[in-house]
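Visitor: Dropping a structure here in structure tokens format, bear with me for questions.
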Amino acid sequence: MPRSIGERLWALSVWTFIGFFILNLVAMIGSVLVNSFGTRWFNTWLPNGFTPSWYALAWNEFKLPDILIVTIEVVGAVVIISGLIGVPAAYAMARRRFPGKTAVMAIFLLPLLVPPMTYGIPLATVLYQTHLGGTLIGVILANLIPSVTFVTLLMIPFVEQIDPRVESAARVFGASTGRMFVQILVPLLLPGILASLLLVLVRTIAMFELTFLTAGATSQTLVVALYYAVFAAGVRPGQSIDAMAVVYMVTTLIWLLIALRFVNPTQIVTRAKR
Amino acid sequence: MSAANLTLRQRLHERGLDGVTLLVVPGVLFVLALFIYPSIYGLLLSFEPKEGGVFGNYIKFFSEPFLYTTITKTLVIAIPATAINMILSVPVAMRVRLMKHPRLLTTILVIPITLGTVMVAEGMLTYLGPRGWLNRTLMFFALVDEPVRLIHNYWGVMLSLVITGFPFTFLLTLSYITGIDPSLEQAGAMLGARARMRFWRIILPLLAPGLAITLALSFVAAFTVYPSAVLLGAPAGPTRVISIAAYTAAFEEYDYSMASAVAMLMAAVQVIVVAFLLSLRGLFFHGPASSGKG
């Protein structure tokens, strides 16, 4: 197709914008990284010297070991429980037509459409009144809402891809629902389960609002602790906050890279579309 | 076989209710207990204010400028941010759709979404600060005389909403654009339509329902901005968004009733805007996305 000069210029400006956006993104992440290793940085392009000592400071000052343990506990529990609840629910939704299915679909969809800040406030109120607010269990319960529904909606198309005759064959040979699940469905669904749980993992590490609204002093995850560190900037050296930011960034991006081996980047935002 | 001869179990099975259907129960109970119940509870609680009548909280909200201006302040941030992200996303998605290997680009763009607003805020504080690389570059090329103030004001929040919001809007738009059958556009090209005409006459009408949903999702995300409004904005002044009002009521004044009222108002504004966006395309009664209730 011959392209006019106008079309070429247009394409060039679009690519320039993409380049400009990525350049700034890289510079933004880069400046955090450089600052976290910098000694003194004032009116120069780069710090005067480099030192790893801010990481040691952040490790002790922000009680990073405790925070990391809480983060692992929360994320681990959310991933396992949302898999245990979400996958069977998706199976039922994919295989059965029952009265009220549309309504069930709607209540699974709502938590993914309503932003966490909106439903988080009433949720935190209820959790605090049942004395679960501020505890690890409260944080896990809050984080499970978007995760359970996310897994369910993501898994429905995966279940639909499986030939129902495979299940019928298992039934003919006398397998119960539980046995069929463990021996037939889970192995067949493994790519889907892995993809959805990895996405839940990445989303839970980065889930700020719900954790922020429900966490107490001892149940903060990494992202909430980072928020409080940035919020109280000035109390501690900026480099140690950036060191903590780098720890958070590395944690998130490692899992993102693992997740991207199984899913397409667009799936991270399109939720349950495919 | 007549219905009378069937056992209860068989009759239930005919309607789709059996052991397999029960697997959905834990999930439904979970969402009912932790999403639907708190929402209804919050709605009712908002009508039981600490002082005043049934509508005490709402009357208080709309009589105190410090509270009711949060709605307009949030809209003044969220609407332009959503518009900018949308306007940037469509041309970029149109271009990226032609790429043979868009995966590297989409991977890079998914990073700010994954990192989240808190991390982006910390990055911006370092990068855009008066001694950050951006201001150094601008001054190096003598584009400005003194550092440009891009943080702790309106622009800080706006920029952070573009940094996390543009990739989100773009990836969503891309997934809708790649869903359009390319042969439709080829047919247009064969009949002599140039790129611009193909976009306005073929792509855009097909894309419109998807764009309406994308706009709605981007808007609600921007409307509930919290961490960047606090960390990058002026949370006592022009970026005192509605989330801050809700948070302050709940966790600083311990007035959960008022906090619930603010959350309900937040949801109400979202529903109104989303309903408006979706009604533009006559979509209102179709997609499940139209039921954006909080």
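Visitor: Using +1 at the C-beta of Lys and Arg and -1 at the C-beta of Asp and Glu, which of A:170, A:106, A:140 has the Cα lying farthest in the positive direction of the dipole of the stretch A:53-270?
Guide: A:170
Visitor: Lys and Arg at +1, Asp and Glu at -1: add these up for the other residues within a Cβ distance under 10 Å of residue A:230 and post the number.
Guide: Counting the neighbours of residue A:230, the net charge comes to -2.
Visitor: Sorted by mean Cβ packing within 10 Å, highest first, what order do the peptides B:181-189, A:61-69, B:80-88 take? Working shown, then result.
Guide: Working: B:181-189: 13.1, A:61-69: 16.0, B:80-88: 19.3.
My ranking of the peptides, most packed first, is B:80-88, A:61-69, B:181-189.
Visitor: Which whole number gives the average, over all residues in B:253-265, of C-beta atoms from other chains lying within 10 Å of the residue C-beta?
Guide: Across the residues of B:253-265, the mean count of other-chain Cβ atoms within 10 Å is 2.
Visitor: Can you tell me how much longer the chain between residue B:54 and residue B:204 gets when fully stretched, taken as 0.36 nm per residue apart minus their C-alpha distance, in nm with one decimal?
Guide: Contour length minus the Cα-Cα distance gives 49.3 nm.
Visitor: What FRET efficiency, computed as 1/(1 + (r/R0)^6) with R0 = 35 Å and r the Cβ-Cβ distance, is obtained for residue B:41 and residue A:218, rounded to the nearest 0.05?
Guide: Efficiency, rounded to the nearest 0.05: 0.85.
Visitor: Would you mind telling me which residue in B:218, B:228, B:279 has the biggest mean-square fluctuation in a Gaussian network model of chain B, where springs connect alpha carbons within a distance under 10 angstrom?
Guide: The residue with the greatest mean-square fluctuation here is B:279.
Visitor: I've got another one for you. Chymotrypsin sites (Phe, Trp or Tyr not before Pro), restricted to the stretch A:99-194: which are DSSP loop and have at most 13 other Cβ atoms within 10 Å?
Guide: Numbers: sites: A:108, A:119, A:128, A:150, A:158, A:173, A:181; in loops: A:173.
Counting only loop positions with at most 13 other Cβ atoms within 10 Å, the chymotrypsin sites (Phe, Trp or Tyr not before Pro) in the stretch A:99-194 are A:173.
Visitor: Kindly state, to the nearest 0.05, the FRET efficiency for residue A:250 paired with residue B:7, given R0 = 60 Å and r defined as their beta-carbon distance.
Guide: Taking R0 as 60 Å, the efficiency between residue A:250 and residue B:7 is 0.50.
Visitor: Still on this structure, I have one more. Given a Förster radius of 41 Å and the C-beta distance between residue A:186 and residue B:143 as r, what FRET efficiency does 1/(1 + (r/R0)^6) yield to the nearest 0.05?
Guide: Rounded to the nearest 0.05, the efficiency is 0.10.
Visitor: Provide the gained length on full extension for the span residue A:13 to residue A:262, in nm with one decimal, where the gain is 0.36 nm per separating residue minus the Cα-Cα distance.
Guide: Numbers: separation 249, 0.36 × 249 = 89.64 nm, distance 3.30 nm.
Separation in residues times 0.36 nm, less the Cα-Cα distance, equals 86.3 nm.
Visitor: Please work out the C-alpha center-to-center distance from the stretch A:84-158 to the stretch A:209-261 and express it in whole Å.
Guide: So the separation of the two Cα centres works out to 24 Å.
Visitor: How big is the equivalent ellipsoid of chain A along its three axes, where each semi-axis is √(5λ) from the Cα gyration tensor, reported in whole Å from largest to smallest?
Guide: For chain A, the semi-axes come out at 40, 28, 18 Å.
Visitor: Distance between the C-alpha centers of the stretch B:55-111 and the stretch B:234-272? Whole Å please.
Guide: 18
Visitor: Hey, can you rank B:123-136, A:19-32 by average C-beta count inside 10 Å, highest first?
Guide: So the order, starting with the most tightly packed, is B:123-136, A:19-32.
Visitor: Based on DSSP H assignment, which helices of chain A show an axial Cα extent of at least 30 Å together with a mean Kyte-Doolittle hydropathy greater than or equal to -0.5?
Guide: On the way: long enough: A:5-37 (47 Å, 1.50); A:64-95 (45 Å, 1.74); A:136-161 (37 Å, 1.80); A:238-260 (32 Å, 1.68).
Helix filter hits for chain A: A:5-37, A:64-95, A:136-161, A:238-260.
Values in this text are rule-based calculations from the coordinates and carry no lab data. Just so you know, these numbers come straight off a predicted model, no measurement behind them. Here Cβ is always computed from backbone atoms with ideal geometry, including for glycine, and neighbour counts include all displayed protein chains.
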